[in-house]
Amino acid sequence: MRIFDPHIHMTSRTTDDYEAMYAAGVRAVVEPSFWLGQPRTSPAAFYDYFDSLLGWEPFRAAQYGIAHHCTLALNPKEANDPRCTPVLDALPRYLVKDAVVAVGEIGYDSMTPAEDTALATQLQLAADHGLPALVHTPHRDKAAGLRRTLDVLRESALAPEHVVLDHLNETTVGAATDSGCWLGFSLYPDTKMTPDRMVRILRLHGTERVLVNSAADWGRSDPLKTREAGDAMLAAGFSEDDVDQVLWRNPAAFYGQSGRLDLNGPRPPGALHEGNSILRGGE
């Protein structure tokens with residue numbers, strides 16, 4: 001089983017996770033920029049973070065045979081902090097980087113006017129740079145958040161087929177399907193979706209335009225949930241081809257719209273990145 005996790009925050013994970021993911025079949029990941037838990041107090045903190053997603057994290061992933069790409073954006077939560085909004089002006093110089101395969105995560109957290117502005121601005125940046133967009137639907141008031149998201153999308157220059165609506169569930173999958181966008185589902189141990197619920201949605205809505213991810217981050221999450229989803233699909237009677245479509249071909253097709261996705265395997269990593277290795281205490 002080959003797995004492409006289209007949304008995982010490896011900055012928050014350990015090298016043990018990379019090793020376990022490779023053993024489970026993960027060969028590619030996309031890491032969206034997101035809120036780190038501790039609020040950032042200046043745009044410079046974002047730029048250091050973006051640089052790590054473009055440099056250190058691909059180096060670390062390559063040590064374990066995993067191809068790493070990223071999406072960059074001002075995330076919805078920090079879009080409300082005026083100390084951070086200058087990031088919107090700096091994004092164009094990052095969105096031209098080869099490893100950036102989408103603009104994201106963008107969308108809504110609390111559905112504020114500041115989030116309206118950040119979402120509309122970044123959808124335009126995606127269109128200007130020929131990139132798809134990874135859109136975060138809010139954890140609270142999810143149905144209302146999706147409606148508001150779709151209103152902004154309809155007014156944007158980005159076509160629905162260039163957008164994935166992420167963190168969907170049973171209450172939002174119908175409207176998201178009707179929108180023509182790609183459908184993203186995050187599997188978590190306690191919240192969001194479970195593998196069994198994911199199987200039920202796939203039975204009802206099919207495997208087209210569906211992306212399944214672990215969205216694993218600094219909270220209680222599991223970078224092996226994609227593998228659990230594949231195993232649950234097989235146990236429920238889906239074919240190996242169905243599993244390959246959901247866990248590999250669909251994310252490859254979505255991010256492939258950027259023209260930058262390279263799934264030929266990571267380039268052999270050098271021993272050091274900026275003078276550092278992933279080892280501690282020895283060669």
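Values in this text are rule-based calculations from the coordinates and carry no lab data. It should be emphasised that the depicted structure is a prediction, and the values quoted were computed from it without experimental measurement. Here the Cβ is made from the backbone with ideal geometry for all residues, glycine too, and neighbour counts use every protein chain on show.
A few notes on this one:
- For the stretch 252-259, 3J(HN,Hα) computed residue by residue from phi via the Karplus equation (6.51, -1.76, 1.60; θ = phi - 60°) reads 5, 5, 5, 6, x, 4, 6, x Hz, glycine and proline entered as x.
- Once the Cα-Cα distance is subtracted from the 0.36 nm per residue extended length, the R220 to A159 segment shows a gain of 18.6 nm.
- Rough spin-label spacing in nm, given labels placed 7 Å along Cα→Cβ, for E170 and Y47: 4.8 nm
- Restraint check, K142/K225; K77/K225; K77/K192; K77/K142, Cα-Cα greater than 20 Å: K142/K225; K77/K225
- Among H136, H167, H205, residue whose mean-square fluctuation peaks in a GNM of the chain (springs only between Cα atoms under 10 Å): H205
- From phi via Karplus (6.51, -1.76, 1.60), per-residue ³J(HN,Hα) for the stretch 76-89 in Hz, x at Gly/Pro: x, 4, 7, 5, 7, 9, x, 5, 9, 4, x, 4, 4, 6
- Stretching the chain fully between L263 and D98 yields a gain of 58.1 nm (0.36 nm per residue, less the alpha carbon separation).
- Within a Gaussian network of the chain (alpha carbon springs, distance under 10 Å), most fluctuating of I201, I106, I66: I201
- Label zone at L234, where the point sits 7 Å out along the Cα-to-Cβ direction: the stretch 1-34 residues whose backbone N lies under 15 Å: 1-4, 23-26
- Paramagnetic reach from E19 (point 7 Å along Cα→Cβ, amide N under 17 Å) across the stretch 223-251: 223-224
- The stretch 3-256 - Debye-derived log10 I(q)/I(0), Cα point model, q = 0.08, 0.09, 0.14, 0.18 Å⁻¹: -0.27, -0.35, -0.88, -1.52
- The stretch 69-147 versus the stretch 16-40: alpha-carbon centroid distance in Å: 19 Å
- The distance between label points at K142 and Q124 comes to 3.2 nm (points 7 Å beyond Cα on the Cα→Cβ vector).
- Value at 222 nm in deg cm²/dmol, rounded to 500, when DSSP H runs of n ≥ 4 in the chain each add -39,500 (n - 2.57): -11000 deg cm²/dmol
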